[in-house]
Amino acid sequence: MKVQADLLLTNIGELVTMAGSPGLRRGEAAKELFIISDAAIASFQGRIVWTGKSRDASRSVKQVENSLELNVEGKVITPGFVDSHTHPLYAGTRQAEFAMRAAGADYEDIASAGGGILNSVKRTRKASSAELKDTLLKHLSTMLLFGTTTVEVKSGYGLDLETEIRCLETATGLAEYWPQTILRTFLGAHEIPPEYSGRSDEYITYLIDEVLPEIKKRELADFVDIFCEKGVFTAEQSRHYLQAAKSMGFGIRIHADEFHDTDGASVAVDSGALSADHLLSISDRNIAKIARSTTVATLLPGTALFLGKPFPPGRKLLDAGAAVAIATDFNPGSCFCESMPLMINLAVCQCGFTIEEAITASTVNGAAALGVGDHKGALVQGMDADMILWDLDDYRGIAYHMAIPDIENVVVAGQLISSIFK
Ligand code: NIG
Ligand code: FE
């Protein structure tokens, strides 16, 4: 019997399916892309219904009325990218600080002098919801053009109940009609706001007692995150906070061991976090610990590039057997870049990934880090029809072309974005 389809893509040179075991991929499993050559793929109402050899498509697939059939002429198709760590809910740019860094200042020194995240907080608190939405839309659109079909967005530039709610409401409102899948993270514990200066324990208590319950009640976030770092929140505070968030039913994630080893990765594993992110300064002991766990090690190589810091130890984590994801960390201070293809190039050229491991890290493992691995990150029957049509005849070109992605079109839930935005 033929399956019904409203989208059929044929004559695909390489269909990178990422089929294989569901869930996290590590070790040898992270190197396998499950490519079908001379392939076709069909979807119906946003879900994949069939993949196989192009020559078998006509006897396997029945196209419904008004369906779209596209011959992609031997090119490459991959799953859409999953960017599992971004901060696009902010107002104002930080070009002045960028210029200070260009003249020799250090990111952490700028932050401890009241700049950095707190600089964006000042501007975000004053911004209107319309302004926040415009900024968010602008960056999401760029992400989409660069192949990101699922994106996590964090709050964290409000640091008070009213602004944090406004930021998360902006993301929630947009998610209802915007083609990308948006997952929301409450990052109220991104910094200590000026009104709690020197009283970080009290700020954590305020977040737990007053803010988290309100965010939960209004269903404004899927996850809760904290910046565990020297001078921001300690491992002990992070442990306590994430435990509280988890008991309220939030998924948890953590900014860990970015500039200093603060044992953040260990907190992530012990707390059952979905993901520990950054890890530029992770200890060897914690590399072994995260490798034995189901917490995804999420690397953000764009941040190391943007700040001129050493790159995260990708090869060490992969060799230890960790499940590794990569993401952009898009934000106005430490990585002003929306491009997953650039992150893939950096993972390969600077962090010791093979091309196949970098593709796994930006698709299936990114999806697992967001708890959506059952329907995102791979092109197999039943999963969402989110894909990238590349102007390439060899998937390795994805990592090879630095900074300039050879993307011809993007499909979100079975629809070409060129037709959504025409
Ligand atoms: O992930 N590390 C903490 N937060 C962001 C930086 C935010 C900023 O500088 O505005 C990050 O790199
Ligand atoms: Fe971040």
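The values are calculated or read from the model by the stated rules, or taken from the named source; none is laboratory data. A quick note: this is a predicted structure, and the numbers were derived from the prediction, not measured. As a convention, Cβ positions derive from the backbone with ideal geometry for all residues, glycine included, and neighbour counts pool all protein chains shown.
Restricted to strands (runs of 3 or more DSSP E) entirely inside segment 303-422, those with at least 1 residues that are out of contact with any Phe, Trp or Tyr (no Cβ under 7 Å at 6 or more places or on another chain) and either surrounded by fewer than 18 Cβ atoms within 10 Å (Cβ to Cβ) or of a type outside the set (A, V, I, L, M) (or both) are 387-390, 407-412.
Being charged (D, E, K, R) and more than 16 Å from ligand 1 (Cβ to nearest atom) narrows it down to one residue among 191, 195, 152; which is it?
195
If only residues of segment 212-231 that are outside any strand (DSSP E or B), at negative phi and within 23 Å of the chain's Cα centre (by Cα) are counted, the one that is farthest from ligand 2 (Cβ to nearest atom) is 216.
Of the residues making up segment 129-171, those that are among the hydroxyl-bearing types (Ser, Thr, Tyr) and either part of a loop (DSSP other than H, G, I, E, B) or out of contact with any Leu (no Cβ under 6 Å at 6 or more places or on another chain) (or both) are 129, 135, 141, 142, 148, 149, 150, 155, 157, 163. For segment 165-198, the tally of residues that are more than 16 Å from ligand 2 (Cβ to nearest atom), acidic (Asp, Glu) and under 27 Å from residue 239 (Cβ atoms) stands at 1.
Restricting attention to segment 316-337, the residues being touching a His at 6+ places or on another chain (Cβ under 6 Å) and of a type in the set (D, E, K, R) number 1.
Note on segment 292-329: residues that are away from ligand 2 (no atom under 15 Å from the Cβ) and in contact with a strand residue (DSSP E or B) (Cβ under 8 Å, 6 or more places away or on another chain) amount to 7. Residues that are away from ligand 2 (no atom under 16 Å from the Cβ), at pLDDT below 95, among the aliphatic types (A, V, I, L, M) and surrounded by fewer than 15 Cβ atoms within 10 Å (Cβ to Cβ) occur in segment 77-98; there is at least one.
In segment 26-51, what residues are over 19 Å from residue 388 (Cβ atoms), crowded, with 18+ Cβ neighbours inside 10 Å and either under 21 Å from the mean Cα position of the chain (by Cα) or without any contact (Cβ under 8 Å) to a residue 12 or more places away in the chain (or both)? Across segment 26-51, the qualifying residues are 26, 30.
Yes/no per residue for (1) within 17 Å of residue 72 (Cα to Cα); (2) touching a residue at least 60 places away in the same chain (Cβ under 8 Å):
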{"site": "368", "(1), (2)": "no, yes"}
{"site": "372", "(1), (2)": "no, yes"}
{"site": "377", "(1), (2)": "no, yes"}
{"site": "380", "(1), (2)": "no, yes"}
{"site": "388", "(1), (2)": "yes, yes"}
{"site": "392", "(1), (2)": "yes, yes"}
{"site": "401", "(1), (2)": "no, yes"}
{"site": "409", "(1), (2)": "yes, no"}
{"site": "421", "(1), (2)": "no, no"}
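Taking the criterion of being over 19 Å from the mean Cα position of the chain (by Cα) and within 12 Å of ligand 1 (Cβ to nearest atom), the residues of segment 306-353 that qualify are 307, 309. Restricting attention to segment 229-282 and to residues that are closer than 21 Å to residue 327 by Cα and among the hydroxyl-bearing types (Ser, Thr, Tyr), the residue that is surrounded by the most Cβ atoms within 10 Å (Cβ to Cβ) turns out to be 275.
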